[in-house]
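The structure appears right after this line, and notes come after that.
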């Protein structure tokens with residue numbers, strides 16, 4: 001486990017130490033280990049490559065062979081109560097859409113519950129879990145494809161730029177600083193108002209707005225409908241086909257009808 005470099009950064013009212021590793025099994029695994037040893041650590045763990053990157057529901061997040069990926073894990077305070085944990089993923093998604101729009105001029109969208117989309121393909125994913133519910137501390141993992149071309153084994157993936165040299169790891173660190181600053185600022189808002197803002201932002205930047213989707217709810221049952229909005233806990237509100245009923249989907253995989 002080799003560290004390429006360490007870089008302290010003051011972001012808002014906090015100081016973070018960015019550690020970029022050449023290769024790790026998983027930034028999430030290492031950051032969780034660091035938190036267990038030192039709950040007050042401010043380390044942001046980053047890696048050029050991961051061999052066992054963690055995705056949603058136990059999936060593996062694959063690293064590119066060339067190009068730049070932002071593979072990063074940090075421990076931060078969530079502005080949401082425990083029952084609103086999904087809102088942490090969605091807040092992170094909203095912030096990243098704003099960052100790449102405002103700083104890079106690229107318009108991206110959100111696919112519930114935790115994907116970032118560009119041109120109908122996934123360029124980023126987010127994963128959060130509570131580490132200390134009493135302190136509302138979460139472990140947030142972020143995997144963002146900044147530049148390069150995905151391998152043929154990743155037909156549904158894309159990057160912000162196809163040219164590998166368009167991005168750098170220093171750019172990734174600077175982007176995470178923007179992210180952490182925005183997170184701190186939004187965390188000072190009233191929780192209910194913040195939830196309303198996220199609901200509105202999601203509705204305006206929903207990658208699958210007005211598209212027929214389906215999801216499995218167990219016992220072989222599949223619900224088909226429109227998933228245009230979320231509630232104030234982060235659940236997707238699926239409007240069942242042919243009705244006005246809104247069914248909250250708390251977790252699970254959604255897919256376009258027929259795919």
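Among (i) 56, 44, 37; (ii) 64, 37, 37; (iii) 52, 43, 37, find the value of Cα extents along the principal axes in Å that was calculated from the structure presented, and write down its label. Among (i) 56, 44, 37; (ii) 64, 37, 37; (iii) 52, 43, 37, the one derived from this structure is (i). Volume of the convex hull of the range 79-231 (Cα atoms only), normalised per residue: 143 Å³.
Per-residue packing, averaged as other Cβ atoms within 10 Å, sorts the ranges 4-15, 38-49 into the order 38-49, 4-15, beginning with the highest.
Its relative contact order, with pairs defined as Cα atoms under 8 Å and 6+ residues apart, puts the chain at 15 percent. A full extension of the chain between residue 243 and residue 7 corresponds to an added length of 79.5 nm, given 0.36 nm per residue minus the alpha carbon distance. Rounding to the nearest 10 and keeping the result within 0 to 90°, find how far the Cα-based axis of helix 191-204 lies from the longest principal axis of the chain. The angle comes out at about 70 degrees.
Each part reduced to its alpha carbon centroid, the range 6-21 and the range 185-259 end up 35 Å apart. Neighbour counting of Cβ atoms within 10 Å sorts the residues 171, 117, fewest neighbours leading, into 171, 117. Computed over the chain, the per-residue total of -39500 (n - 2.57) for DSSP H runs of n ≥ 4 gives a 222 nm mean residue ellipticity of -8000 deg cm²/dmol, rounded to 500. With a simple spin-label model that places each label point 7 Å from the Cα along the Cα-to-Cβ direction, the separation between residue 25 and residue 186 comes to 3.2 nm.
Label separation (residue 130 vs residue 106): 3.4 nm, computed from points 7 Å beyond Cα along the C-beta direction. Remark: spin-label model distance residue 36-residue 151 equals 2.8 nm, labels positioned 7 Å along the Cα→Cβ axis.
The range 90-130 and the range 146-181 have their alpha-carbon centroids 12 Å apart.
Read-outs: derived from the displayed coordinates by stated rules, not from any lab. All values derive from a computational prediction rather than experimental measurement. Neighbour counts run over all protein chains shown; Cβ positions are idealised from the backbone, glycine included.
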